[in-house]
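Let me begin by presenting the structure, written as structure tokens, before commenting on it.
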Amino acid sequence: MHYTSTRDNTLSVSSSFAITNGISVDGGLFVPTEIPRVDADFIASLVPMTYIQRARAVLSLYLTDFPKEEIEADTLGAYEKSFAHSKTAPVVNLRDNVNILELWHGPTCAFKDMALQLLPYLLTGSAKRVSGEKEIVILVATSGDTGKAALEGFKDVPGTRILVFFPNDGVSPMQKLQMTTQQGSNVGVCAIRGNFDDAQTGVKKIFTDPRVRQRLAGQNMAFSSANSINWGRLVPQIVYYFSAYAEMAAMGQIALGDRINITVPTGNFGNILAAWYAREMGLPVNRLICASNANDVLTEFLTTGHYNRNRPFHTTVSPSMDILISSNLERLLFHLCGDDSAEINRLFGQLAQTGEYTVSPALLEKIKAVFSAGCCDDEATGRTIAETFQNDGYLCDTHTAVAMTVYDAYRKATGDATPTVIASTASPYKFSAAVLGALEGKDVSGMDDFEKLARIEELTGTAAPAQLKALKNAAPRFTGVCTKEEMEQAVYSLLGIE
Ligand SMILES: *Cc1c(COP(=O)(O)O)cnc(C)c1O
């Protein structure tokens, strides 16, 4: 199996190369040249399996240059101990044929753990094959969730170091505590005086500076990236759609061969693209429903073919979906336009220059044959949280609530009653202010964070994740704050190579 670049389809590399490098030198994203197909027997065989066994079956179709024993060890390391649910990603029936796929039982209570618990293993194995025994240094700029998930994933993984920069005033107090109390012998965390863009620009500058690279090489270290366009973050996400289908069959929700719909709360288009790969591979999927918050750039694109980032940016109660450039969309367009990298260069060149592009009517038809899309505002999100708890006894977070709202509207508009799975991307306790506000019907922003957790527990009879409650008594380990200009020096001191 080979991978190519969305911006240069003459390229041919291994999965190890794609994962080690993260992004292609031409600026494109790595994609498989052929999407593996599975048959009904393959899907039937998944039903009695554990999540780890299902992961091995799906991953080995894509990571063909990984030895079998390595995939076995990697999946065990990632999923055996760090998820609080025995099924790793359980499916919960909400009502009649609507099901919730809970992707947040990992260490940081958000779906990014599903990929970031596995990525360090995939990356260290890949890097050994591609570039020898160098120590890998992961640099992350984060606006909250990704930084913590990456820290937990890379914590104490031999052969790696991880350094995270976050905007000192740009993350929630809970998110800050999650990062500054991080344990592990190979981790470093530093706050930046500035906003997320300052942190990101600083990281990019360090990452691409030949001087810094040389200095690291002198210590037998090399930078790598854990960001969401790395193929090593996408491929673990394909697994849980197969797993969800197998669970629904095991629960008697569907018979094998029946089609399902999948609804995904979407930001960077990674999660829903994984569902599209699963569908292309032969998983019986009818429609993919893309749900957005007030940042509705994808709703417009998937219905009109016009992508336009020139619009107001909204800060919402589902912040992990506050995005105007959905990077992984590039992969979908590449596949749907027949691997035409010239066309991708044209479209994304336009996006860089003018902030917009329009795909051909033929391409739009292909998109609409599979995707539906919708969006909702914060008020509707809050209403869904309150109503879903009242009517179905199920407590969901703000991102999941966006997906539920959009799904309900889709079902009402189309009458499509196909059994459906809604991806639930975070624990409701992770976004406690908005969730509690919705339940109480009033503003609770003045309340202490840990009081909010206790109040949600009291109101709903559910339990807050232990790792969030434990933060109350945790002492911060990383108290450093630096300016954008001091970031390079901070990297050296965190790595101990001053
Ligand atoms: C990252 C994230 C999303 C968006 O996922 P994409 O793959 O970027 O579309 C949705 N919900 C939560 C809670 C997230 O952390």
Computed FRET efficiency, Cβ-Cβ of E280 and D197, R0 35 Å: what is it to the nearest 0.05? 0.50
Along the stretch 322-328, Karplus-curve 3J(HN,Hα) (6.51, -1.76, 1.60; θ = phi - 60°) to the nearest Hz, with x for Gly and Pro, reads 7, 9, 10, 10, 8, 4, 6
Sum of -39500 (n - 2.57) over DSSP H runs of 4+, divided by residues of the chain (222 nm, nearest 500): -14000 deg cm²/dmol
Using a probe radius of 1.4 Å on heavy atoms only, what accessible surface per residue do you get for the chain? Whole Å² is fine. 39
Can you run phi through the Karplus equation (6.51, -1.76, 1.60; θ = phi - 60°) for the stretch 43-51 and list ³J(HN,Hα) in whole Hz, with x for Gly and Pro? 5, 4, 5, 6, 4, x, 7, 7, 4
Taking all protein chains in place and a 1.4 Å probe, what share, in percent, of the accessible surface of the stretch 385-498 do carbon and sulfur account for? 49
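Out of all DSSP beta bridges with both ends in the chain, state the antiparallel percent to the nearest 5.
Looking only at bridges with both residues in the chain, the antiparallel portion is about 25 percent.
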Computed label-point distance, nm, for sites Q183 and M1 using a 7 Å Cα→Cβ extension: 3.5
Rounded to the nearest 20 debye, dipole of the stretch 322-361 from Cβ charges on Lys, Arg, Asp, Glu: 40
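May I ask you to list the GluC sites (Glu not before Pro) in the stretch 282-375 that are in a DSSP loop and have at most 11 other Cβ atoms within 10 Å of their Cβ?
none
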Would you calculate the separation in nanometres between label points at M447 and Q219, each defined as 7 Å from the Cα along the Cα-to-beta-carbon direction? 4.5
Once neighbouring chains are kept in place and the probe is 1.4 Å, which whole percent of the accessible area of the stretch 70-174 is contributed by carbon and sulfur? 49
Ratio of the Cα radius of gyration of the stretch 295-438 to 2.2 N^0.38 Å, where N counts its residues: 1.17
How much accessible surface does F42 have with a 1.4 Å probe, in Å² rounded to 10? 40
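Once fully extended, how much extra length lies between A362 and A342, figured as 0.36 nm per residue of separation less the alpha-carbon to alpha-carbon distance?
Working: separation 20, 0.36 × 20 = 7.20 nm, distance 1.65 nm.
Net length gain for the segment: 5.6 nm.
Report in % the part of the accessible area of the stretch 316-357 that belongs to carbon and sulfur, leaving out ligands and nucleic acids; probe 1.4 Å.
51
If the only charges are +1 at each Lys and Arg Cβ and -1 at each Asp and Glu Cβ, what is the size of the charge dipole of the chain around the Cα centre, to the nearest 20 debye? Intermediate results must be reported in sequence, preceding the final value.
Details: 43 positive and 54 negative charges, 117 e Å.
Taking the Cα centre of the chain as origin, the dipole is about 560 debye.
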Using R₀ = 25 Å, calculate the FRET efficiency as 1/(1 + (r/R₀)^6) where r is the Cβ-Cβ separation of T64 and T10; round to 0.05. 0.75
Ordering of 277-287, 406-416, 233-243 by burial proxy (mean other Cβ atoms within 10 Å per residue, highest first): 233-243, 277-287, 406-416
Which lysines, on any chain, are close to K469 with Cα under 26 Å apart, when same-chain ones fewer than 8 places away are left out? K81, K87, K112, K148, K155, K176, K430, K442, K452
Extending each Cα 7 Å along its Cβ direction at N473 and D377, get the distance between those two points in nm, one decimal. 4.5
Karplus-derived 3J(HN,Hα), 6.51/-1.76/1.60, for each residue of the stretch 262-269, Hz, glycine and proline x: 10, 10, 10, x, 10, x, 8, 6
Compute the separation of the alpha-carbon centres of the stretch 11-60 and the stretch 386-441 and state it in Å as a whole number. 30
Using alpha carbons only: equivalent-ellipsoid semi-axes of the chain, gyration tensor based, whole Å: 31, 29, 23
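The values are calculated or read from the model by the stated rules, or taken from the named source; none is laboratory data. Predicted model only: the values in this text are computed from it and were never measured. Don't worry about glycine lacking a Cβ; one is built from the backbone with ideal geometry, like all the others, and counts go over all protein chains shown. All accessible areas refer to the heavy atoms of the entire protein, side chains included, with ligands and DNA or RNA removed. Shrake-Rupley method; radii C 1.70, N 1.55, O 1.52, S 1.80 Å.
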